[in-house]
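In what follows, a single structure is set out as structure tokens and then discussed.
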Amino acid sequence: MKLPRLLTTLVATIGLSMAAEIPKLEPAAAAKLVAEGKAVLVDVREPAEWADTGVVASATLLAKSDFDGAQKDWKPFLEKNAGKEIILYCRSGNRSGIVAAALAEKGYKVANGGAFKSWAEAGQPTRKVEARK
């Protein structure tokens, strides 16, 4: 019984250490990179969240559920932006960190842009999004 618990702890620790390697960017620094064309900003929240709160004006909207699934929207985005840094954000920074770690494993240059609320509080422009049906 102790071995499975030990393995679970080990896997979680390795996962956290990998996530710790993903750089975190404050909204102003991330927005500067996006404005300079050096990076792209991605909101990984789900469509209902986009409609509820709005999104950062410069963000591409690519749900984590699509990343975890068929990647219908993610695949063309990644092909188009292969040479740019990908900065991701979500509601709290957790989902964006998970996607960033997965992309980093595949060789993409990534950063975690944290939480949407931080972007809005930092005065970054936002926009409304219609609910998807």
Q) Ranked from highest to lowest mean number of other Cβ atoms within 10 Å per residue, what is the order of the peptides 66-73, 39-46, 117-124? A) 39-46, 117-124, 66-73
Q | Within straight-line cross-link reach of Lys84, lysines at Cα separation under 22 Å, skipping those fewer than 8 residues along the same chain | A | Lys24, Lys32, Lys38, Lys64, Lys72, Lys75, Lys106, Lys109
**Q.** Ser58, Ser96 arranged by Cβ crowding within 10 Å, fewest neighbours leading
**A.** Ser58, Ser96
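Once Rh for the range 23-127 is found with the Kirkwood sum over Cα pairs, what is the Stokes-Einstein diffusion coefficient at 4 °C and 1.567 mPa s, in µm²/s?
Numbers: Rh = 13.3 Å.
Translational D for this selection: 97 µm²/s.
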Q.
Once you keep just the Cα pairs under 8 angstrom separated by 6 or more residues, what percentage relative contact order results for the range 63-118?
A. 34
Q | For the range 115-120, 3J(HN,Hα) per residue [Karplus equation, 6.51 cos²θ - 1.76 cosθ + 1.60, θ = phi - 60°, Hz, x = Gly/Pro] | A | 9, 3, 4, 5, 5, 5
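How high is the relative contact order of the range 23-127, given as a whole-number percent (alpha carbon pairs under 8 Å, six or more residues apart)?
Numbers: 177 pairs, mean separation 37.3, N = 105.
Value for the range 23-127: 36 percent.
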**Q.** 5 angstrom amide H check on Val42, placed H, neighbours 5+ away
**A.** Thr60, Ile87, Leu88, Tyr89
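Using a 10 Å cut-off around each Cβ, can you sort Leu25, Leu88, Leu78 from fewest to most neighbouring Cβ atoms?
Values: Leu25 20, Leu88 30, Leu78 16.
Ordered from fewest to most neighbouring Cβ atoms within 10 Å, Leu25, Leu88, Leu78 come out as Leu78, Leu25, Leu88.
Tell me, in nm to one decimal, what length is gained between Leu78 and Asn94 on full extension, where the rule is 0.36 nm per residue of separation less the Cα-Cα distance?
Numbers: separation 16, 0.36 × 16 = 5.76 nm, distance 2.06 nm.
Difference between extended and current length: 3.7 nm.
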**Q.** Spacing of the two label points (7 Å from each Cα toward its C-beta) at Thr126 and Glu26, in nm
**A.** 2.0
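Give me Lys109, Lys64 sorted ascending by neighbouring Cβ count inside 10 Å, so fewest comes first. Before the final figure, lay out the partial values.
Details: Lys109 15, Lys64 21.
Starting with the residue having the fewest Cβ neighbours, the order is Lys109, Lys64.
Bear in mind these aren't lab numbers, they're just calculated from the coordinates by the rules spelled out. Here the structure is a predicted model, which means the values were calculated and not measured. Glycine gets a Cβ as well: all are built from the backbone with ideal geometry, and neighbour counts include every protein chain shown.
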